[in-house]
Every structure is written in structure tokens, then in C-alpha cells.
Amino acid sequence: MPITVIIPAYNEEAGIAETLRALVHAPDFGPDIEVIVAANGCRDRTADVARGFGVKVVEIEKASKTAAINAAEEVATGWPRIYLDADIALAPQAVRALGEALATPGVHAAVPRPVVDVDHSSWLVRAYYDVNAQLPVFRGRLFGRGVIAISRSVRERFDEFPDIIADDLFLDAVVAADAKREVDVPVRVPAPRSANDLVNRLARAREGNEQFQAWARAEGEPQQLLADPVKGSSSTSWLRDVVLPAPRLWPAAVCYVAMTALAARRRRSPNWTPRAGWGRPESGAPEPAGEVR
């Protein structure tokens, strides 16, 4: 039975080829990996580009990541399942490493080690991630990678992914802490290029967090979700856990606080939507996970 990799894609014509090339054109790609691209609400050639790589493609009208995942799972045949963001390059080696982790008794979710790629980002974005990348909230969690692998038993705990932005928070809450593993395979997570793109991304993340919390309070009990999926996090964690132990980060901390405040303000703007600033860089594709040196 193959490992199934599901890639939801929204208007990714400019970059989906990079992701698929890293996976299906790799010398060690084989029939043990099933790839499904779920184009959702696309107004470009995302689906056509994906078909050119010989992978399964499903298309839905609704622009929704979780609806795309649900549609892809209707044609998926393999286990475990890996949910891969369309801007993350993942090599077959990394896919298999995640699958092997889930073969360990008691392990039901696995993620790679994130490496934030700021090579093409402005100095403000770099400064923000000097702090953000060290926040303890990411330790032992499934979010912040753009890649999550889960076992069949976890997937059978719920019927469909809920219609929320933060699918990664949902999966993190479904899986118990001692059933998660971080595999020592690096994956490059592309950072926004400009401060404006960063602010939009942070505003979307804030929206997703609050949306998930509201959904969990209303609908989460049947899923046996964790009471606090980001236990230990607080609004002052950046200061207490990151900056105070490393005073050299004070200049970066100023940028971190400023970007966070601007994101909160942006989200209150009447013209803002969760899809704002969700574009992929035109060049500078990250190296595939499993091949980072």
C-alpha cells in the first residue's frame, strides 16, 4: 500500500511545478508514493500543470483547503497520509522517513524539522523570524512545517476535516502529545518576502487560531480534542522564553512586536480577507526536504 501525499493548491500555477518536480521527478520516486493535487477555487492553470506530472488531480469550485483535502481523500488509496502545503518541497526520502516514523508503535503523527527559509526575505522579515523560530509553542507540535503525516487510526477518529483555516491546529489537537514525533529531516519553510506579506500571513494565522478555538468550543467534544492545543503559549512568551535569555535579540524583538501589532490592526481592516498576501515567491525555490545540506 502506498503512502498518500495530498497537496491542496489554490492558484498555484506559478509554483506547483517546483513542489511536484522535487517529489515525482526525484530519482528515487516510486510506486510506493501516491500523489494527489487538490485544486480548489483556482482561476489559473494549477490543475493542468499538476496533470503534466502524471499525478492524480481533483478539482473543486470552493476555495477551501480543508474542502480540498476532503475531496482528495475520496480518491486516495494509501496509508499513512501526508498533508503537504503547495509551497513546500518534499523529497521521496522525507516522505518515507515520515512513513517509517508512523510505523513505530505508539506514534500516530510525524512532522519534519522546520528550517525557515529567509534567503529572499527583507531584513524586517528576517528579524521577525529570529524571534518567532525560537518560540517554545512550536516544540512537540504539528503546526509550523507545512507537512503533517498521520496514521490511519488517527484519520479514522473523524469523518471529515472541519471547514476551518487552521487544519494543522485541528490535527495537532486530535493527536495526543506522546503520539507525535519530529523526524530529523529538515524541511525548508519559505518565509514571506516583504513586511507587508508577513503582516498578511500573521493576520491570517491569528484569524485561523481564533476560528479554531471557536470551532473547538462548539464542535470539538466529539473529537476528544486536547483542552489546550498550544499549552504553555502566552502573549509574553517571546519576551520570557526567547529575548530575555538572549539580549542580542532585542533589536529583532522590536520588529517582532511591531509586525505582530500591525497584523492585529490589518485583520481589523474592512478590506482584509484571510487569503490576502498568500502568494508564492516567483523564484528561489527551497531545496526539497531530505536533501538540505
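The values are calculated or read from the model by the stated rules, or taken from the named source; none is laboratory data. Since the model is a prediction, treat every value here as computed from it, not as a measurement. With ideal geometry, Cβ positions are generated from the backbone for all residues, glycine too; neighbour counts draw on all protein chains shown. Each accessible area value is taken on the protein alone, full model and side chains, heavy atoms only, with ligands, DNA and RNA left out. Shrake-Rupley method; radii C 1.70, N 1.55, O 1.52, S 1.80 Å.
Given the condition within 23 Å of Ser237 (Cα to Cα), under 16 Å from the mean Cα position of the chain (by Cα) and modelled with pLDDT of 95 or more, answer yes or no: does some residue in the range 149-161 qualify?
Initial filter on the range 149-161 (within 23 Å of Ser237 (Cα to Cα)): none.
No, the conditions are met nowhere in the range 149-161.
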Might you check whether a residue that is open to solvent by less than 20 Å² (accessible area, probe 1.4 Å), on the phi < 0 side of the Ramachandran plot and in a helix (DSSP H, G or I) occurs anywhere in the range 178-195?
-> yes
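Being open to solvent by 20 Å² or more (accessible area, probe 1.4 Å), in contact (Cβ under 8 Å) with a residue 12 or more places away in the chain and not polar (S, T, N, Q) is the filter here, so list the residues in the range 103-112 that pass it. Working first, answer last.
Step one: list which residues in the range 103-112 are open to solvent by 20 Å² or more (accessible area, probe 1.4 Å), which gives 103-106, 108.
Keeping just the survivors that are in contact (Cβ under 8 Å) with a residue 12 or more places away in the chain gives 104, 106, 108.
Within the range 103-112, Gly106, His108 meet the criteria.
Suppose we keep only residues that are part of a helix (DSSP H, G or I), open to solvent by 50 Å² or more (accessible area, probe 1.4 Å) and of a type outside the set (D, E, K, R) within the range 215-237. Which one would you say is modelled with the lowest pLDDT? Let's see the steps before the verdict.
Filtering the range 215-237 for residues part of a helix (DSSP H, G or I) gives 215-219, 221-223, 237.
Adding the requirement that they be open to solvent by 50 Å² or more (accessible area, probe 1.4 Å) leaves 217-219, 221-222.
The next check asks that each one be of a type outside the set (D, E, K, R); those that pass are 218, 222.
Working: Ala218: 86, Pro222: 63.
Per the criteria, the residue is Pro222.
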Kindly indicate whether Arg157 is farther than 22 Å from Ala263 by Cα, open to solvent by 20 Å² or more (accessible area, probe 1.4 Å) and part of a helix (DSSP H, G or I).
-> no
When you scan the range 113-153, how many residues do you find that are open to solvent by 20 Å² or more (accessible area, probe 1.4 Å), small (Gly, Ala, Ser) and not in a loop (DSSP other than H, G, I, E, B)?
-> 1
